[in-house]
Amino acid sequence: MKHSKLPDEGDPGKASFLRQLDPRSKPALPAGRLRGIEAEMKTPTMKSEKPPLVLPKSESWKMFDNIARTYDFSNHLISFGLHILWRRKLARCLTSRPDQMVLDLATGTADVLLTLLRHNRNVKYGYGIDPAKRMLTIGRDKVAKKKLAVQINLQHGDAHDVPFKDNHFDAVTMAFGIRNVENPQRVLQEIFRVLNPGGRALILEFSLPKNRFIRNLHLFYLRKGVPFIGALISRNNQAYRYLNQTIEDFPYGEAFCQKIREAGFEKVKAHSLLFGVATIYQGDKA
Ligand SMILES: C[S@@+](CC[C@H](N)C(=O)[O-])C[C@H]1O[C@@H](n2cnc3c(N)ncnc32)[C@H](O)[C@@H]1O
């Protein structure tokens, strides 16, 4: 992947860091000072320090590739089926332009495109891109079963470098994907680039409720419930800890609307879903 930033084994910085961790290497500091440093490392002084992401965002697609087989089922269970209603709401947010050609980024198993084709008669063709090949394979099977292979095309690709020319699509959608990319601003710029003038971007993403009581309840579910259910189904506890970490860290509401404006969009709106558990962001290209 072009955006992968993990240092490779030959990286001199990483080699020296690994040498520091090697218990066989000679200590460069006296034992007393070393004990002091160890104590400091065990008792972090800054209370607000967050643990690092269990996985760098540039590698998130690999995790989705690993859980592809159980992804749809876990999604139903974890969101109590609400993700279906949210995608339908997304379908209603498109413009009324007829015969639209839509691009869906981070398309995964193609649920957004399947919903758009089924619930909005203004959508004629859908293209989906995602770097996780196993997610796409499942998506293609679903598209074939619904006999929509002529209208929906899924391709391997990265949202940071969308493989389409400028001013090409009437709408670009992205559901639960922007939170997973390394450089969301770059992705917003790519969305703007490939949209036709008059086209609309629709981004569905998790957010946090404004009401403190509901937010705390939701955070408890995200931190405890979701990793538990996720681990039971996919046997991948890491994937579902990653989910709550990325939701808590990602800008939402007005902060994200501002990022959309910065990419060039106008008439930016946020539609809050279920007390703000998720939000659909909408922006138009003039
Ligand atoms: C939570 S899933 C969402 C899938 C689908 N949109 C849905 O609504 O079910 C996140 C998707 O983002 C994809 N993804 C991760 N990094 C990406 C990138 N750089 N470009 C495009 N997609 C990416 C993952 O492979 C995964 O399929």
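Each residue of region 96-109 in order: what ³J(HN,Hα) in whole Hz does its phi give by Karplus 6.51 cos²θ - 1.76 cosθ + 1.60, θ = phi - 60°, with x for Gly and Pro?
8, 4, x, 6, 6, 9, 10, 10, 10, 8, 6, 5, x, 9
Please state the shape class of region 48-111: rounded when a/c is under 1.5, otherwise prolate if a/b exceeds b/c and oblate if not, all from the C-alpha gyration tensor.
Working: a/c = 1.95, a/b = 1.76, b/c = 1.11.
Prolate shape, in that a/c is at least 1.5 and a/b is the bigger ratio.
For the pair Ile233 and His271, what calculated FRET efficiency results from E = 1/(1 + (r/R0)^6), where r is the Cβ-Cβ distance and R0 = 30 Å, to the nearest 0.05?
Numbers: r = 29 Å, r/R0 = 0.98.
Result of the calculation: an efficiency of 0.55.
Express the relative contact order of region 188-242 as a whole percentage, based on alpha carbon pairs under 8 Å and six or more residues apart in sequence. Please list the in-between numbers first.
Details: 23 pairs, mean separation 9.9, N = 55.
Here the relative contact order equals 18 percent.
In whole angstrom, note down how far apart the Cα centers of region 196-231 and region 108-162 are.
So the separation of the two Cα centres works out to 23 Å.
DSSP beta bridges in region 57-284, what fraction antiparallel, as a percent rounded to 5?
Details: 13 of 34 bridges.
Of the beta bridges lying entirely in region 57-284, close to 40 percent run antiparallel.
Under the classification rounded if a/c is under 1.5, otherwise prolate if a/b is larger than b/c and oblate if not, where does region 57-284 fall, given a ≥ b ≥ c as square roots of the Cα gyration tensor eigenvalues?
Working: a/c = 1.58, a/b = 1.21, b/c = 1.31.
It is oblate, given that a/c is not under 1.5 and a/b is not larger than b/c.
First check a/c for region 86-211, with a ≥ b ≥ c the square roots of the eigenvalues of its C-alpha gyration tensor; if it is under 1.5, answer rounded, and if not, answer prolate when a/b is larger than b/c or oblate otherwise.
Numbers: a/c = 1.20, a/b = 1.12, b/c = 1.07.
In terms of gyration-tensor shape, rounded.
Around Asp72, under 15 Å between beta carbons, what's the net of Lys plus Arg minus Asp minus Glu among the other residues? Provide the component values of the computation, followed by the final result.
Working: positive: Arg69, Arg87, Arg134, Arg140, Lys142, Lys145, Lys146; negative: Asp65, Asp111, Asp130, Asp141.
Charge balance near Asp72 sits at +3.
Of Leu136, Leu188, Leu273, how do they rank once you tally other Cβ atoms within 10 Å and put the fewest first? Please list the in-between numbers first.
On the way: Leu136 24, Leu188 27, Leu273 18.
Ordered from fewest to most neighbouring Cβ atoms within 10 Å, Leu136, Leu188, Leu273 come out as Leu273, Leu136, Leu188.
By counting other Cβ atoms within 10 Å of each Cβ, how are His83, His119 ranked from fewest to most? All intermediate terms of the calculation are to be shown ahead of the outcome.
Numbers: His83 19, His119 15.
Result, fewest neighbours first: His119, His83.
If contacts are Cα pairs under 8 angstrom and at least 6 residues apart, what is the relative contact order of region 57-284 in percent?
Numbers: 410 pairs, mean separation 44.4, N = 228.
In percent, rounded to a whole number, it is 19.
When Trp61, Trp86 are ordered from fewest to most other Cβ atoms inside 10 Å of their Cβ, what list results?
Details: Trp61 24, Trp86 21.
So the ranking, lowest neighbour count to highest, is Trp86, Trp61.
Here, each number is a calculation from the coordinates, and none is a lab measurement. As the structure is a prediction and not an experimental result, all values here were calculated from the model. Using ideal geometry, Cβ is built from the backbone for each residue, glycine included, and neighbour counts are taken over all protein chains shown.
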